[in-house]
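The values are calculated or read from the model by the stated rules, or taken from the named source; none is laboratory data. Bear in mind the structure is a predicted one, so any value in this text is a computation, not a measurement. In this analysis, Cβ positions are derived from the backbone assuming ideal geometry, glycine residues included, and neighbour counts consider all displayed protein chains. Heads up: the accessible areas ignore ligands, DNA and RNA and are worked out on the full protein's heavy atoms, side chains in. Shrake-Rupley method; radii C 1.70, N 1.55, O 1.52, S 1.80 Å.
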Amino acid sequence: MKVGILGATGYTGQELVRLLEQHPEAQIEFLGSSSSAGETYNEMFPQFMGTPLGQLADEQVPDVDVLFCALPHGLTASRTAEWLERGIKVIDLGADFRLKDPEVYEAWYKVKHPAPELIPQAVYGLPELYRQEIQGKVLVANPGCYPTASILALAPLVKNKLVKVNSIIIDAKSGVSGSGRKASLGNHFSEVHENFKAYGVAEHRHTPEIEQQLSRAAGQSFMLSFTPHLVPMIRGILATIYAQVEEGVSEGALRECWEEAYEGEEFIHILPQGILPQTKFALGSNHVFLQQKYDKRTGRVVLISAIDNLVKGAAGQAVQNMNILFGLPENKGLGGRALWP
């Protein structure tokens, strides 16, 4: 497959290059960057020395089989129709096609959607839930990192009506790479190191994405509380989720629900009782680690989910989606396990 990447110099773009360089069926034909066109990729990022990546181009996309777009919101949708007309499959790692209602997109992202007519063509690229829908599609909306960790933990439980949907609280933490490579005051070393803070309280843009997918699973619309935090590490997301259990639901039923939903899923691991997820379990890999604890005293179940925000939360999931689009095994090019320590 001939592959192109727009936004190849960002953290997600570099992660795509790393994974696709190891993919036996992918050949990187195009690396695009509006800010670094003309520069040699291997010299900018010496970790790729010895690979035939060549120079970064501007954003004029050549003929490729699949194009990964790791761009800020609003930039991908404005050009997607052109690429689709040329027969290029598009995997958008941004937010342009995740939300089905353009008015919701505009309310949360504060910009007018560039191509609302394309939204119905897009499929939400969470393979463990929607792989049948992804097959045969030409436009994939790759999920956000926080939504991936949260939805995978909650979807089976809300689908099977084991928890009260309007009781859900998601308390999630992310490493600094989730904010992207562009410099900003809040990401400076001296601002982040030995510090821990909440942000986007009651207004984070991933909130409607999580609500949309969980409402779909539950068969009813509802709202939840989502609070993200920035922690002084580079990679990883740990989501701790609280939900009130429906009357008569046992601890065993909660765990069996997960086990049935994710039986045979290579990238999802339900940990043995007593072992709690850690972000380092997933570091550099496409794997998800889940645990739950039923608190009988409060009637709540506590769910814990850990992923690498740049892999399963972005580039790895995008490669997983590419494999589905082209009829390849989902694990192709994604066989690596976490780095430890």
Applied in sequence order to the range 175-189, the curve 6.51 cos²θ - 1.76 cosθ + 1.60 (Karplus, θ = phi - 60°) yields integer Hz couplings, x standing for Gly and Pro, of x, 5, 4, x, 8, x, 8, 5, 5, 8, 4, x, 9, 4, 3
Restricting the count to DSSP beta bridges whose residues both fall in the chain, what percent are antiparallel, rounded to a multiple of 5?
45
Cα-centre dipole for the chain with unit charges at Cβ (Lys and Arg positive, Asp and Glu negative), debye to 20:
720
Explain nothing, just the number: relative contact order of the chain, from Cα pairs under 8 Å at least 6 residues apart, as a whole percent.
18
Pull up the cross-link candidates among the aspartates and glutamates for K312, meaning alpha carbon to alpha carbon under 15 Å and not fewer than 8 places away within one chain.
E15, D92, E128, E265, E266, E330
Among the listed pairs K89/K110; K89/K182; K161/K182; K112/K159; K89/K197; K173/K296, give every one whose C-alpha distance is greater than 30 Å.
K161/K182; K112/K159; K89/K197
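Under a Cβ-Cβ cut-off of 13 Å, what is the net charge of the residues other than R86 that fall near it, where Lys and Arg count +1 and Asp and Glu count -1?
Details: positive: K2, R79, K89; negative: D63, D65, E82, E85.
Neighbourhood net charge equals -1.
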Could you go through the range 117-133 in sequence order and give the Karplus-derived ³J(HN,Hα) for each residue, using 6.51 cos²θ - 1.76 cosθ + 1.60 with θ = phi - 60°, rounded to whole Hz, and x for Gly and Pro?
5, 8, 4, x, 7, 7, 10, 6, x, 10, x, 5, 10, 10, 4, 5, 6
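Looking at the range 260-305, send over the antiparallel percent of its DSSP beta bridges, to the nearest 5.
Approximately 65 percent, going by the DSSP bridge assignments.
Given Cβ point charges of +1 (Lys, Arg) and -1 (Asp, Glu) and nothing else, what value in debye, to the nearest 20, does the dipole of the range 104-250 about its Cα centre take? Could the numbers behind the result be given before it?
Numbers: 14 positive and 12 negative charges, 59 e Å.
For the range 104-250, the charge dipole is close to 280 debye.
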Report, by chain and number, residues whose modeled amide H sits under 5 Å from the one on F226, excluding near sequence neighbours (fewer than 5 apart, same chain).
I170, A202
Positive-pole candidate from A243, M44, S174, dipole of the chain, charges at beta carbon
A243
Accessible surface, per residue, of the range 2-94 when the full set of protein chains is kept, probe 1.4 Å, Å²
42
Theoretical ellipticity at 222 nm over the chain - DSSP helices of four or more residues, -39500 (n - 2.57) apiece, nearest 500
-7500 deg cm²/dmol
With every protein chain left in place, what is the accessible area per residue of the range 164-244 in square angstrom, probe 1.4 Å?
51
With a 1.4 angstrom probe the carbon and sulfur portion of accessible area for the range 95-232, in percent, totals 53
In whole Å, what three semi-axes, largest first, describe the equivalent ellipsoid of the range 228-333 built from its Cα gyration tensor (square root of 5 times each eigenvalue)?
27, 18, 11
Considering Cα pairs under 8 angstrom that are at least six residues apart, work out the relative contact order of the range 1-92 and quote it in whole percent.
31
